Amino acid sequence: MASSPFQKVQIHRDDTTFDAYVVGKENAPGIVVLQEWWGVDFEIKNHALAISQFGSGYRALVPDLYRGKVGLDVAEAQHLMDGLDWQGAVKDIQASVQWLKANGSQKVGVTGFCMGGALTIASSVLSPGVDAAVAFYGVPPPELADPAQAKAPVQAHFGELDGFVGFSDVKTGKALEEKLKAAGVPHEIHLYPGVAHAFMNRSPDGVKRRKDMGMNDDNEAAAELAWSRFQSWMSRYLSS
């Protein structure tokens with residue numbers, strides 16, 4: 001079995017410790033990569049590995065917000081997400097940003113997918129030290145964070161066919177854009193025609209899981225375009 005490119009580290013915050021997985025170039029800009037509702041599984045590690053190799057290299061860190069638990073089906077994933085302490089998760093992100101800055105990354109961005117997308121936007125509001133945020137199909141509930149208060153530049157991506165109303169559908173994406181615009185937060189909001197939720201998940205297992213959930217769109221070009229926009233944004237704000 002091939003050895004994993006990820007190094008497991010322990011990060012401390014308040015009176016708790018959690019595991020995180022780090023990959024990429026030391027002393028490079030850091031990017032905290034936040035899980036979907038499934039947990040730290042193959043797909044979020046795929047994303048982190050890809051991110052670490054963009055441009056001249058990043059140090060990508062995946063905090064384990066579920067403390068080792070992974071949802072193997074929709075019901076389990078829903079249960080895990082419902083049980084998440086969202087304020088605690090934001091503190092985990094803050095601790096992850098601080099860990100990267102203490103370990104050689106002068107600037108640190110945050111990105112995430114689905115649940116992690118919502119937490120990315122929340123961290124741009126609530127976590128000092130975040131230098132850029134890129135959220136994929138997720139917006140936090142207003143009681144957690146008001147995007148108008150974001151202290152970091154925000155880029156966000158939404159699929160036109162996304163059916164998660166109030167969380168990541170087009171209307172929610174457009175409302176996010178209006179808020180950021182009115183507040184003068186540097187931002188880009190991108191809508192992708194013909195794709196549904198989780199369109200960035202392109203691994204064979206990820207594609208199968210989406211199909212099992214009724215998402216039959218298959219658009220490699222949309223994912224590639226989103227990654228290129230991600231790279232431009234992170235490069236702009238994280239280059240020293």
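Each value in this text was obtained by applying a stated rule to the coordinates, not by laboratory testing. Predicted model, so just to flag it, every value in this text is computed and none were measured. Glycine gets a Cβ as well: all are built from the backbone with ideal geometry, and neighbour counts include every protein chain shown.
Scanning the stretch 210-231 for residues that are over 16 Å from the mean Cα position of the chain (by Cα), without any contact (Cβ under 8 Å) to a residue 40 or more places away in the chain and in a helix (DSSP H, G or I), we see that the one that is nearest to V185 (Cα to Cα) is L225.
Apart from one condition, G68 fits all of (1) under 26 Å from D205 (Cβ atoms); (2) in contact with a helix residue (DSSP H, G or I) (Cβ under 8 Å, 6 or more places away or on another chain); (3) part of a loop (DSSP other than H, G, I, E, B); the exception is (2).
In the stretch 113-130, the qualifying residues are those that are touching a Phe, Trp or Tyr at 6+ places or on another chain (Cβ under 7 Å) and outside any helix (DSSP H, G or I), and the one that is surrounded by the fewest Cβ atoms within 10 Å (Cβ to Cβ) is C114. Within the stretch 39-54, the set of residues being surrounded by fewer than 17 Cβ atoms within 10 Å (Cβ to Cβ) and either β-branched (V, I, T) or touching a strand residue (DSSP E or B) at 6+ places or on another chain (Cβ under 8 Å) (or both) comprises Q53 only. When the stretch 131-149 is limited to residues that are assigned to a loop (DSSP other than H, G, I, E, B) and surrounded by fewer than 24 Cβ atoms within 10 Å (Cβ to Cβ), the one that is nearest to the chain's Cα centre (by Cα) turns out to be D131.
For residues that are in a helix (DSSP H, G or I) and over 16 Å from D19 (Cβ atoms), scanning just the stretch 81-97, find the one that is farthest from the chain's Cα centre (by Cα).
That would be D82.
Within the stretch 26-55, the set of residues being among the aromatic types (F, W, Y) and within 12 Å of the chain's Cα centre (by Cα) comprises just one member, W37.
Test K101 against the stated conditions and say whether it is assigned to a loop (DSSP other than H, G, I, E, B), of a type in the set (K, R) and surrounded by fewer than 17 Cβ atoms within 10 Å (Cβ to Cβ). It is false that K101 is assigned to a loop (DSSP other than H, G, I, E, B), of a type in the set (K, R) and surrounded by fewer than 17 Cβ atoms within 10 Å (Cβ to Cβ).
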